[in-house]
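Below is one structure, written out as structure tokens; the observations come after it.
The values are calculated or read from the model by the stated rules, or taken from the named source; none is laboratory data. This is a predicted model, so every value here is computed, not measured. Note: ideal-geometry Cβ built from the backbone for every residue, glycine included; neighbour counts use all protein chains shown.
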Ligand SMILES: Cc1cc2nc3c(=O)[nH]c(=O)nc-3n(C[C@H](O)[C@H](O)[C@H](O)COP(=O)(O)OP(=O)(O)OC[C@H]3O[C@@H](n4cnc5c(N)ncnc54)[C@H](O)[C@@H]3O)c2cc1C
């Protein structure tokens with residue numbers, strides 16, 4: 001046994017594939033591998049599964065808008081019935097090495113910080129938490145979790161506000177970890193993306209001007225039932241969506257289309273119209289990108305409900321009564337200043353640091369900073385290491401699943417060749 005592993009090492013485990021990341025990509029890959037009879041182990045650093053999709057609302061109006069959010073629950077349910085994978089939540093890859101054709105890794109598992117049996121859901125912790133989004137309730141699960149990424153403690157700042165207020169003593173900040181040594185023949189990186197940080201587009205006033213939110217925040221408010229038009233002094237009458245925030249913007253180093261944002265804004269706008277028919281909706285855009293199946297139909301329906309303005313605003317500023325005002329050049333090329341009650345920034349998909357140990361093989365990076373090459377290729381730059389989903393580049397849920405199907409078949413080919421003793 002490796003002496004560095006320490007006394008918390010619980011078990012030594014062998015599986016065919018180590019999957020890093022339990023978002024929709026990691027989960028669908030797990031399922032596809034199981035269908036091929038391949039065993040995998042899935043390591044997810046958050047205390048819950050689903051990645052970003054676990055934070056999405058269902059966008060159905062009278063009809064399904066095909067946002068794909070519900071697909072997550074399908075995979076969770078399908079996977080709960082297969083014995084071919086093992087799951088490690090709250091876990092990260094502590095060390096990594098390769099011996100011959102086998103990869104060896106130590107997975108560190110951190111104890112969940114909310115003890116669900118004690119929690120009575122009084123929500124006092126959410127009220128005192130200083131960081132928006134650090135306490136998370138995934139869409140498929142009624143329990144509350146502490147985000148390992150957002151909680152101040154995860155970035156080395158001591159904070160026990162939630163633990164101190166909890167009357168049930170249900171929150172513990174111990175560093176209790178256990179370690180598991182894993183041996184696998186292949187590795188799949190499904191570590192996903194990070195949403196574009198809208199504060200980098202300072203002229204749009206995010207976190208500075210009241211009433212400026214991101215699509216992710218609006219989605220989350222709608223999902224949790226916390227979207228309250230009545231909270232606006234004169235009611236909520238007008239909402240603008242601004243497209244391409246952090247996409248197709250060479251100055252920000254993001255000279256690519258995030259592929260999902262047009263669909264996301266249109267679905268959110270239509271959902272608002274459906275719930276609050278009086279709202280006036282506008283979408284400011286460069287050009288509408290139609291990557292989704294039957295998107296033209298969605299767009300036709302949306303034209304009746306939303307005003308599409310072909311202009312990317314130069315600035316969003318606060319009006320005298322502290323409402324966001326959008327400044328842009330209209331069709332006649334004249335400067336327009338239009339106030340709205342709410343402005344939603346349609347944030348794009350940015351590459352994320354996969355946060356792997358230094359001993360991990362060096363991975364290819366494509367020109368936009370994502371891992372690997374193009375989407376028809378799931379190799380990551382080292383034999384036996386594969387990549388899929390948003391870690392490889394901006395993608396919708398459906399495209400992540402398609403890529404998982406491709407990755408599963410490539411992994412099977414690789415494992416078969418390895419078993420036959422072929423050169424890899
Ligand atoms: C604003 C917005 C709205 C969107 N709305 C839609 C929509 O309506 N419909 C649609 O089809 N698509 C939508 N998308 C795109 C969708 O979010 C992605 O397609 C999907 O989340 C990608 O899944 P993923 O599993 O590849 O990545 P993620 O969802 O990012 O999941 C990655 C997982 O890996 C884990 N992880 C990361 N690093 C590590 C590590 N080192 N160790 C262990 N675990 C790790 C993370 O914790 C996370 O759980 C939207 C995107 C944005 C930005």
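How about region 156-166: which of its residues are out of contact with any helix residue (DSSP H, G or I) (no Cβ under 7 Å at 6 or more places or on another chain) and either under 18 Å from residue 116 (Cα atoms) or surrounded by 10 or more Cβ atoms within 10 Å (Cβ to Cβ) (or both)?
Step one: of region 156-166, the residues out of contact with any helix residue (DSSP H, G or I) (no Cβ under 7 Å at 6 or more places or on another chain) are 156-158, 160, 163-164.
If the condition is that a residue be out of contact with any helix residue (DSSP H, G or I) (no Cβ under 7 Å at 6 or more places or on another chain) and either under 18 Å from residue 116 (Cα atoms) or surrounded by 10 or more Cβ atoms within 10 Å (Cβ to Cβ) (or both), then 157, 160, 163, 164 are the ones that fit.
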Quiz prompt | Candidates 291, 241, 295, filtered to the one that is modelled with pLDDT under 95 and touching a helix residue (DSSP H, G or I) at 6+ places or on another chain (Cβ under 7 Å) | solution = 295
Self-check item: Evaluation of residue 34 against (1) modelled with pLDDT under 95; (2) buried (at least 17 other Cβ atoms within 10 Å of the Cβ); (3) more than 16 Å from the ligand (Cβ to nearest atom) (one fails), failing number
Solution: (1)
Quiz prompt | Failed criterion for residue 57 (all others in (1) closer than 28 Å to residue 263 by Cα; (2) more than 8 Å from the ligand (Cβ to nearest atom); (3) outside any loop (DSSP other than H, G, I, E, B) hold) | solution = (3)
Exercise. Working only within region 292-319, note down all residues that are surrounded by fewer than 16 Cβ atoms within 10 Å (Cβ to Cβ) and assigned to a loop (DSSP other than H, G, I, E, B).
Key: 293, 294, 304, 310, 314, 319
Quiz item: Going through region 60-103 one residue at a time, which ones are out of contact with any helix residue (DSSP H, G or I) (no Cβ under 8 Å at 6 or more places or on another chain) and away from the ligand (no atom under 15 Å from the Cβ)?
Solution: 63, 77, 80, 81, 83, 97, 98, 99, 100, 102
Practice problem: Pull up region 195-233, narrow it to residues that are part of a helix (DSSP H, G or I) and more than 16 Å from the ligand (Cβ to nearest atom), then point me to the one that is nearest to residue 70 (Cα to Cα). | Solution: 229
Practice problem: Name the strands (runs of 3 or more DSSP E) wholly inside region 320-376 in which the number of residues that are more than 26 Å from residue 258 (Cβ to Cβ) is 2 or more. | Solution: 335-339
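May I ask you to list the residues in region 251-263 that are within 16 Å of the ligand (Cβ to nearest atom) and in a helix (DSSP H, G or I)? If you could, list the steps in order and put the result at the bottom.
Of region 251-263, the ones within 16 Å of the ligand (Cβ to nearest atom) are 252, 254, 256-263.
Within region 251-263, 252, 261, 262, 263 qualify.
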Self-check item: In region 6-28, residue farthest from the ligand (Cβ to nearest atom) [restricted to those that are modelled with pLDDT of 95 or more and part of a strand (DSSP E or B)]
Solution: 16
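Restricting to region 386-399, name every residue that is in contact with a strand residue (DSSP E or B) (Cβ under 9 Å, 6 or more places away or on another chain) and surrounded by fewer than 24 Cβ atoms within 10 Å (Cβ to Cβ).
394
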Quiz item: When residue 407 is evaluated against the numbered criteria (1) assigned to a loop (DSSP other than H, G, I, E, B); (2) in contact with a strand residue (DSSP E or B) (Cβ under 8 Å, 6 or more places away or on another chain), which criterion, by number, is the only one it fails?
Solution: (1)
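Only one of 266, 242, 283, 288 is free of Cβ contacts under 8 Å to residues at least 60 places away in the same chain, within 16 Å of the ligand (Cβ to nearest atom) and assigned to a strand (DSSP E or B). Can you tell me which? Break it down into steps so the answer makes sense when it comes.
On the way: 266 fails: assigned to a strand (DSSP E or B); 242 fails: free of Cβ contacts under 8 Å to residues at least 60 places away in the same chain; 288 fails: assigned to a strand (DSSP E or B).
Of the residues listed, the single one that is free of Cβ contacts under 8 Å to residues at least 60 places away in the same chain, within 16 Å of the ligand (Cβ to nearest atom) and assigned to a strand (DSSP E or B) is 283.
Looking at region 400-423 only, could you name the residues that are within 14 Å of the ligand (Cβ to nearest atom) and surrounded by fewer than 21 Cβ atoms within 10 Å (Cβ to Cβ)?
The first filter runs over region 400-423 and keeps only residues within 14 Å of the ligand (Cβ to nearest atom), leaving 400-407.
Residues satisfying the conditions are 402, 405, 406.
Each row is one residue, and each column tells you yes or no for (1) in a loop (DSSP other than H, G, I, E, B); (2) within 30 Å of residue 69 (Cα to Cα).
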position	(1), (2)
131	yes, yes
143	yes, yes
164	no, no
168	yes, no
173	yes, no
179	no, no
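Looking at 180, 157 in this structure, which one is over 20 Å from residue 121 (Cα atoms) and away from the ligand (no atom under 16 Å from the Cβ)? Give the derivation first.
Values: 180 fails: away from the ligand (no atom under 16 Å from the Cβ).
Matching residue, one of 180, 157: 157.
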